[in-house]
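Everything below concerns the one structure shown next.
The values are calculated or read from the model by the stated rules, or taken from the named source; none is laboratory data. What you are looking at is a predicted structure, and each value in this text was computed from that prediction instead of being measured. With ideal geometry, Cβ positions are generated from the backbone for all residues, glycine too; neighbour counts draw on all protein chains shown.
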Amino acid sequence: MNFAVVVPMANEADDFRPFIDSLTKELDALGGGTVFLVVDTVSKDNTLTLCQELSQTDSRFITLWAPENKNVVDAYLKGYKEALQHNHDYIIEMDAGLSHDPNALPLFLDAFEKGYACAFGCRFCKGGSISDSNWKRTCFSKGGTLLSNLLLGTTMSDMTSGYQGFHASVVKQFLDYPLLSKAHFYQTELRYLLRKKQYVEIPIRYRAPSPSVSKKAIRNAFEVLLHYCYLRLINKAPKID
C-alpha cells in the first residue's frame, strides 16, 4: 500500500532513537511507507541534525525544514502537502516522542483497505488506553471530547487524539479549507468537518508523558469550538463532503 506518515519533530533528541527504531521496525514489517519528518524553529536542540542524518542513511525518511511555520498546525499541513506531492494514496499523522505507538499503523492501513476514507485514533474506545500522562491532561482530553460532542453534535469516542489518517482525496479537500485552529484543537476541528465522511475509530495506546497545554492553545480551542457551535445553531454548520 502506498502510504506516508507525517511526524512533526520538535526538541525530540532525547527520544529520537527509540522512536525511530520502533517506527523503522514497523515499516520493515509492512514492507513500505515513507515518513516525512517536519522540523521548524520551535526545535532548539539537535533534532534537525538527527533527522537530516537519518534521511541520508534511510531514504524512507524525508526531512522537511520549515522555518516559515507559525504553529504546530502548519507543521502537520506542511507534511500533508509534501506527501501529496509524492503521490501517496494514504497519509497518517502521528506525534513523536513515543506518544503514539507505530505498532498501530497496520490498523490504520487495514481501515483504508476496508474502504474507510478517514481513520481516527481513539484512546477511549475498547482496546484503547492512555497512560503515563498527567491527570490534568487526561481530564482535558476526555472533557474536550464530551464538550465537543455536546456542542457540535458529533458522536465520536475521542475528539482530541492526534493519531489519524486519511485518503489522499480527503487531504486535498481539507488543505483547501480555511482551518481556524492554530494549536491542538486542529484535530477536533478536522473530526468535526469530516463527520459526514466514512470513518472509523482505531483503538490506540497513548503512553508518553505530555506537556501542559498552553493558555493560548486553550483560548484558541474555545474560540474555534464556539464559532462552530454558533454556526450549527443558525443552521449553517460547515462540513467537508
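Each row is one residue, and each column tells you yes or no for (1) loosely packed, with under 13 Cβ neighbours inside 10 Å; (2) more than 18 Å from F120 (Cβ to Cβ).
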| residue | (1), (2) |
| --- | --- |
| G162 | no, no |
| V171 | no, no |
| H184 | no, no |
| Y199 | no, no |
| K216 | yes, yes |
| A237 | no, yes |
| I240 | no, no |
Across (1) among the β-branched types (V, I, T); (2) surrounded by 22 or more Cβ atoms within 10 Å (Cβ to Cβ); (3) more than 16 Å from the chain's Cα centre (by Cα), T57 clears everything bar (2)
Filter segment 178-192 down to residues that are touching a residue at least 60 places away in the same chain (Cβ under 8 Å), assigned to a loop (DSSP other than H, G, I, E, B) and within 17 Å of D158 (Cβ to Cβ) and give me whichever is farthest from the chain's Cα centre (by Cα). S181
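Check segment 145-167 and report whether any residue there is aliphatic (A, V, I, L, M), assigned to a helix (DSSP H, G or I) and modelled with pLDDT under 95.
Checking segment 145-167: not a single residue is aliphatic (A, V, I, L, M), assigned to a helix (DSSP H, G or I) and modelled with pLDDT under 95.
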Hits in segment 84-101 (condition: over 20 Å from S181 (Cβ atoms), modelled with pLDDT of 95 or more and buried (at least 19 other Cβ atoms within 10 Å of the Cβ)): H88, Y90
